[in-house]
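Reviewing the structure listed below.
The values are calculated or read from the model by the stated rules, or taken from the named source; none is laboratory data. Because the structure is predicted, anything quoted here is derived from the model rather than measured. Cβ sites come from the backbone with ideal geometry, for glycine too, and all protein chains shown count toward neighbours. All accessible areas refer to the heavy atoms of the entire protein, side chains included, with ligands and DNA or RNA removed. Shrake-Rupley method; radii C 1.70, N 1.55, O 1.52, S 1.80 Å.
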Amino acid sequence: MKKGTRLEPPDGGWGILVCVGMAMPFVSGLAALPSFGLVFGDFLKSIGAETSAIAFITSAFFCAFSFAGLFSGSLFNRFGVRAIGLSGGILYFTGCLMQIFVRSTLDLLIAFSLIQGIGFGLIVPTSYTTFNNYFVKKRVMWMSFAQSLIGLGTMFYPVLMQKFLEWYGFRGCLAVLAAINFHAVLGMLLMQPVEWHMRRVPINEQEMFENTKPSQPVVTDNTQEDPNLLSPLTYSRKSSQKLSRENLRKLSSRSSSIASLGNWSGPVIVSDASPQMVNVLGSRRQSTAISNKSMPTSNNEERNDKQSVWQIIVDFLDLTLMKKPIYVNIVLGISFALYSDIAFFTLQPLYMFHLGYDKPDTASIIAIGAAADLGSRVFLAFLAMFIQMPSRYIYLAGAFFTVISRFVFLTVFDFKNMAIITAVMGFLRTWIHVPLPLVFAEYLPKDRFATGYGLFMFLQGNIMFIIGPAVGYLRDMTQDYVLTFHCLNFFMALCAIPWILEIIFVKFRRRTKIGATSESK
């Protein structure tokens, strides 16, 4: 009798290096925008394009970033995750090299906004997709570990840029920065396919008998895995269509916590995040590698001939996700929350100057908030070792309590209370940034994560591009920081309130269905 084995993601091992590889480009990428004025402020001032140029260049960066993310999922299916990540790392490094020789705003727009924006837009989904494949049981813990590395590097990034400007001058600083950003390429080299590091776990005869069902594929010792597939365990469309309603009910009853995802052995169906996912299994689009094996070539050719141009675009970008209300609610909520978070902490120093704080006190309070942010990342990593909670609930708690803390922020004016409330907001900020990719990982099946997250990047970038200037115009017209902060708090509430209403609606509908089923019996 052949010995049966089950393939499992390592949940560690090489995955730890994946976390380090993800942190390398993220440190420079996330710290580059806040430090952009610090590095290029004097240069732009010398060519007569200071404030307006910074706003336009950073907005164009987000635009290029979002478009690259939109096409990332389809590029993954065609060329592979690691190849696209390496391309993004090379583009990001190339943009840094080109900045050394900039002479005008147009040069900076091409080098920073276009090339670096596209490069970073390919790096982000590559990192999160690879991380999602390597970790199942300990996602929150290791994501918090990676985010702690990113937070630590982001804290020291502005200080290093200031020192490099003093030591080496403007272009010398850019040369050192390019050398640092070459780590983006090294980080993407660490994004090895999870199939190279899958663990073979022996199973007994009873498990082997259960796993012979279509919903639980088994890999025997004489089976070779296809290294081109993203999913740790492969299954065909034909086998997935044979799933009975009973099996679907069993799958849909799984909890969406990180611990329950450790039992993943096929399509992930998360009931807490989306009860609609029960019906997605038979209708969702499979990856190119799977569909090519499970469907005859002639049928594919006939279907492609009949497809309209719009249908090709819909399939290519996986736009059918926009038909799912819960996915749209997640995307809009996170997009509004991210914009509110970034804009709030950008305006906070200006508001404190308006209140009469000097630069040393303002810098100290901002540093306290950054330290609380870093401490919260470490705290969340340890908390995830003992308490398993859906990432979307963590994100919701962060958004809800952030709304409350901001109201308190507008009522304090002395240094001590300002430092305390800033530390609280910095602590809660982690709950908005760390669980972000995990929210999509829990909702989407693995083969749709890349396209789903890329579509989110596109929508989020354009939402920020639209509402950003509107809020800026409101601030310029009214000259009122308090009104602007209330407006930003409203956008944060657009994340918390619809999510709470969705949870209430889902729970009520589920109880109604259970009650109807029990009455029919």
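On inspection, Lys359 does not qualify as farther than 19 Å from Val140 by Cβ, open to solvent by 30 Å² or more (accessible area, probe 1.4 Å), at pLDDT 85 or above and of a type outside the set (A, V, I, L, M, F, W, C).
Taking Phe382 as the residue in question, decide whether it is within 25 Å of Thr154 (Cα to Cα), surrounded by fewer than 22 Cβ atoms within 10 Å (Cβ to Cβ), at pLDDT below 80 and not hydroxyl-bearing (Ser, Thr, Tyr). Spell out the reasoning first.
Working: within 25 Å of Thr154 (Cα to Cα): yes; surrounded by fewer than 22 Cβ atoms within 10 Å (Cβ to Cβ): yes; at pLDDT below 80: yes; not hydroxyl-bearing (Ser, Thr, Tyr): yes.
Against the criterion (within 25 Å of Thr154 (Cα to Cα), surrounded by fewer than 22 Cβ atoms within 10 Å (Cβ to Cβ), at pLDDT below 80 and not hydroxyl-bearing (Ser, Thr, Tyr)), Phe382 qualifies.
Among residues of the stretch 406-454 being buried (at least 23 other Cβ atoms within 10 Å of the Cβ) and not in a helix (DSSP H, G or I), the one that is farthest from the chain's Cα centre (by Cα) is Leu444. Do we find that Ala367 is surrounded by 13 or more Cβ atoms within 10 Å (Cβ to Cβ), out of contact with any Phe, Trp or Tyr (no Cβ under 6 Å at 6 or more places or on another chain) and either assigned to a helix (DSSP H, G or I) or touching a residue at least 60 places away in the same chain (Cβ under 8 Å) (or both) in this structure? The answer is yes for Ala367. Only a single criterion out of (1) at pLDDT 80 or above; (2) buried (at least 23 other Cβ atoms within 10 Å of the Cβ) is not satisfied by Ala111, namely (2).
Condition check ((1) of a type in the set (A, V, I, L, M, F, W, C); (2) open to solvent by less than 80 Å² (accessible area, probe 1.4 Å); (3) modelled with pLDDT under 75; (4) in the same structural domain as Asp11 (by the TED database)) across all residues:
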{"residue": "Gly172", "(1), (2), (3), (4)": "no, yes, no, yes"}
{"residue": "Ala179", "(1), (2), (3), (4)": "yes, yes, no, yes"}
{"residue": "Gly187", "(1), (2), (3), (4)": "no, yes, no, yes"}
{"residue": "Arg199", "(1), (2), (3), (4)": "no, no, no, no"}
{"residue": "Glu205", "(1), (2), (3), (4)": "no, no, yes, no"}
{"residue": "Met208", "(1), (2), (3), (4)": "yes, yes, yes, no"}
{"residue": "Pro214", "(1), (2), (3), (4)": "no, yes, yes, no"}
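Within the stretch 461-470, is even one residue within 30 Å of Gly69 (Cβ to Cβ) and in contact with a Lys or Arg (Cβ under 6 Å, 6 or more places away or on another chain)? Checked against the condition, which is being within 30 Å of Gly69 (Cβ to Cβ) and in contact with a Lys or Arg (Cβ under 6 Å, 6 or more places away or on another chain), the stretch 461-470 yields no hits at all. Selection of first residues in the stretch 327-339 that are in the same structural domain as Gln460 (by the TED database) and on the phi < 0 side of the Ramachandran plot and of second residues that are open to solvent by less than 10 Å² (accessible area, probe 1.4 Å) and hydroxyl-bearing (Ser, Thr, Tyr), restricted to Cβ pairs under 7 Å at least 6 apart or on distinct chains, gives the following pairs, ordered by first then second residue: Tyr327/Tyr443; Ile330/Tyr443.
Taken over the stretch 103-138, the residue count meeting the criterion of being without any contact (Cβ under 8 Å) to a residue 40 or more places away in the chain and not in a helix (DSSP H, G or I) is 1. When Thr58 is tested against the conditions (1) more than 26 Å from Pro193 (Cβ to Cβ); (2) open to solvent by 10 Å² or more (accessible area, probe 1.4 Å); (3) at pLDDT 85 or above, the lone failure is (3).
Across the stretch 307-332, the number of residues qualifying as in contact with a Leu (Cβ under 7 Å, 6 or more places away or on another chain) and either surrounded by 19 or more Cβ atoms within 10 Å (Cβ to Cβ) or among the hydroxyl-bearing types (Ser, Thr, Tyr) (or both) comes to 4. Being part of a helix (DSSP H, G or I), open to solvent by 10 Å² or more (accessible area, probe 1.4 Å), farther than 13 Å from Asn132 by Cα and not assigned by the TED database to the domain that holds Cys19 is a property that Ile466 has.
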